[in-house]
1. What is the packing order of peptides A:383-392, A:314-323, taking the mean over residues of other C-beta atoms within 10 Å and listing the highest first?
2. Taking the alpha-carbon distance from A:LYS521 and a cut-off under 20 Å, which aspartates and glutamates remain once sequence neighbours fewer than 8 residues away in the same chain are dropped?
3. Once R0 is set to 41 Å, what does the formula 1/(1 + (r/R0)^6) return for the Cβ-Cβ distance between A:PHE243 and A:PHE403, expressed as a FRET efficiency to the nearest 0.05?
4. Give the calculated FRET efficiency between A:TYR420 and A:VAL467 to the nearest 0.05, with a Förster radius of 45 Å applied to their Cβ-Cβ distance.
5. Just want to confirm a number: the relative contact order over the range A:4-190, from Cα pairs under 8 angstrom separated by 6+ residues, in percent.
6. Using 0.36 nm per residue of separation minus the Cα-Cα distance, give me the extension gain between A:HIS128 and A:ALA260 in nm, one decimal.
7. In straight Cα distance, which aspartates and glutamates are under 17 Å from A:LYS441, not counting same-chain residues fewer than 8 positions off?
8. What ³J(HN,Hα) values, in whole Hz, does the Karplus curve 6.51 cos²θ - 1.76 cosθ + 1.60 give for the range B:66-77 when θ = phi - 60°, with x put for Gly and Pro?
Amino acid sequence: MIKKIYLVGNPNVGKSVVFSRLTGVQVISSNYPGTTVEISRGYLRVGVERLEVIDLPGAYSLEPATKAEAIVAEILEKERRDEIVVINIVDATNLERNLFLTLQLIEEGFPVVVCLNMCDDTEHRGIHIDIEKLGRHLGVAVIATCALTGAGIKALIEKVKEIKPSERSQRSHSQRWEEIGKIIEEVQQLTHRHHTLREILEDASLRPISGLAISAVIIYAAFKTVRFLGEGLINNVCDPIFFKLYQPFLEKISSVLGQAGFLHHLLIGELINGKIDFRQSMGVLTTAPYIEFAMVLPYLFSFYFVLSLLEDIGYLPRLAMLLDNLLHSLGLHGYAIIPVLLGFGCNVPGILSTRVLESKRERFIASTIISIGVPCVPLQAMIFGLLGAFGGFYVAGVYLVLFSLILVLGIVLNRTLKGYSPEFLMEIPPYRFPPFFILIKKLYIRIKAFLVEAVPVVLLGILLINVFMYLRWFDLLINIFAPVIQGLFGLPKEAVVALGVGFLRKDVAVGMLGPLNLSAKQLFIAATLLAVSFPCIATFVILLKELGLKSLVNATLIMVSVALLVGTVLNFAIVR
Amino acid sequence: MKKISLVQMKANQRGKIFEIASGSALVARLMSMGIYKGREITKLSHFALRGPVTLKVGRTVMALGHGMASKIIVEIE
C-alpha cells in the first residue's frame, strides 16, 4: 500500500512549486539551486486516501556528495519500495543532466513517475521532447507539467494511483551516461534559433567586465527601489493612516483615561507636550503598532519585493560568482552571499540557509558574520527612521562599521579556525520571468510570517516592559550595568533597558531609544551596538539548533567581545 | 590535439574532457552533474585573480572554483 509520495529531483527544477500545487501548502520557491533547505511535508487526497507528500532538497545523485544529497539518500534508503511513490521532477529544458538521477532512481527499484516540468519553457528555447518515446525508454510514466500554472498536475496525480515498482538493475556511472546519450538522441530534437535578448543578457552577466557593470547597475537599482517603495509607503499610506485616522481616536481614549495612571501608561504611554507621539509615547496602542506597521512593515514589503524579484529572475547565483574572490578571503565561497542577503531580511532564514554551504567551518563563519554584521529589515528600518533624522551620514556610518566588522571578523576567523574553505561548484540557472502572481504569493508568505511571528511578540513585549517600568523593576538592572553603558559607551544609563530589549526584538529596542533624547553620536553608538551585540531570541534559537551548544557559546563570546570593543572604540574615537 | 587545463582554455573555446586529475569524491560529484571524461564542453568565461571559471555542458551552465578548474584537463583541436 502506498503511504508517502517523495518529490525528488536535481536542484532548481521546481520541486517546491510542484509541492505547493499538490498539497496546497505554501512554501518559498526561487530560481536558484538550494532554496529548500528544510524538508516540507503536506498531504494530497487521492480518492479516499490521504497521502503524505514530502519535498526533499535538490540532489544530483543518490550517491551523496553534499549534505543535502546525504539527507535525501538517507531518507529514501529507509523506506520500503512498495510503500512509497517517487515523483522525479525533471527540468525539461535540461533533460540530459537530469536523467542521471532518474536512471539511478529507476535502477534502485523505486516506483517512479517522471514529472517533466517547465514544459512551457522548452518551445521557445528550440527544444522538442518526444514524451511517449521517453517513457518507453525509461520504462516509467512521464507526464509533462508546468507547475507554475498548474498544467499537467492532474494527470500527474492520476499516474500516482497506478504506479508499479521498477525492476532493480545496476549500471556504472559511465554506462549510465552512455545510456542517457542514446535516449537523448532518440527523444530530443533541438532546432537552431537566433540568440534572444535574454540569452545575450545571461551571457553578459557571466563575463568579468560586463558582469561587474551589470551587478553595479542591479545593486544600485535594487537599493533605490527598496528606498523609494519603503519611503513612499510610509509617507503616502502609513503615516496618513496613523496621524489622520488613528491619532484622533487615541486622543479620545487618552482623555477618557484621564491622561495618566497605570492603564494610561500601559496603553497610551507618556504624552509628549500634551499629545500622543507615536515615536516616543511607548504605549501598547501607540508606539507598538506604529513601529511595526508604519516603520518596519513598509520596508519589509519593499525589501522582500526586490529580493523576491531577484531570486525569481535567477540573478543571485551570478552575483555569487562575482563575489567568490572576496568571500574566499573570509573563508567562504561565493554562494555564501545568498544566506547573507536573506539575513538582511531576517537573520533566521539567513542562518537556516547556511545549510547550502558544505562544511561546518563555513557554516560557523557565515552564521557568526550574519548575526553580528547583518542587520535585519526591522532593525534597519528603525535605524533609517530614527538615526536618519540626524542625516544620512550617520546611517551610512552604521553600515560602514558593520561592513568593516564583517571583513575583519571573516579574515580573522578564516586565519584562526582549522580547516580550509571548499570551492565554488554550482549550476547557474537561466534567467526566468515568472508570472507576477508568483511574486505576490511569495511576498504574501514572507509578510504573513512576519505578522504572525513578530507582531504578537512586540505587543506583548511592550506591555510587559511598561508594567516593569511602572513598577520600577528595571532600576536594579540599570544600576548594575550603568558603569559599562555610561563609562564605556557614553550612553545614559536608561539605555540599558533598550539594549536588553534588543534580545527580544531589535525594532522595539531602537524604538525605546527614541524617548531618551540621545545626541546623534549616542544614537549612532546605540544603534550600532544593537546591530552587533546579541542577536534576537529567535536568531539565538536557530543558532543553537544549527550550530550546537559549543559553537553557539563561541559565537556568543565573539559577539559580546565585539560589542564591547566597538561600543568603546566608537565612543572615544568620535569627538562630537 | 593539445591537452590543457580548463583554466588555460580561452573563452568560447570548445574541447573534450580528457581527465579529471582529482580524488574520487570530486570525480563522482562532477560526474553526477554531467562533467565526466569524454564529455564535450565549451568554456564561457574566467574571472581574474584565481576567480571561478564558467563553462557550458550540454544545456547547463556551470561555475566552478579555480582549483577545481585547474584539475580538469581538456583535449582541444
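1. Numbers: A:383-392: 17.3, A:314-323: 22.6.
Answer by packing, highest mean first, reads A:314-323, A:383-392.
2. A:GLU494, A:ASP507
3. On the way: r = 35 Å, r/R0 = 0.86.
Here the calculated transfer efficiency is 0.70.
4. Numbers: r = 52 Å, r/R0 = 1.16.
Step by step, r from the Cβ atoms, then E = 0.30.
5. On the way: 354 pairs, mean separation 40.2, N = 187.
Rounded, it is 21 percent for the range A:4-190.
6. Numbers: separation 132, 0.36 × 132 = 47.52 nm, distance 7.52 nm.
Length gained, A:HIS128 through A:ALA260: 40.0 nm.
7. List returned: A:GLU311, A:ASP312.
8. Per residue, the Karplus-derived 3J(HN,Hα) values read 4, x, 4, 4, 6, 8, 8, 9, 10, 9, 10, 5 Hz.
Every number in this text was worked out from the coordinates using simple rules, so none of it is lab data. Keep in mind that this is a model prediction, so the values were computed, not measured. All Cβ positions, even for glycine, are placed from backbone atoms using ideal geometry, and neighbour counts span all protein chains on display.
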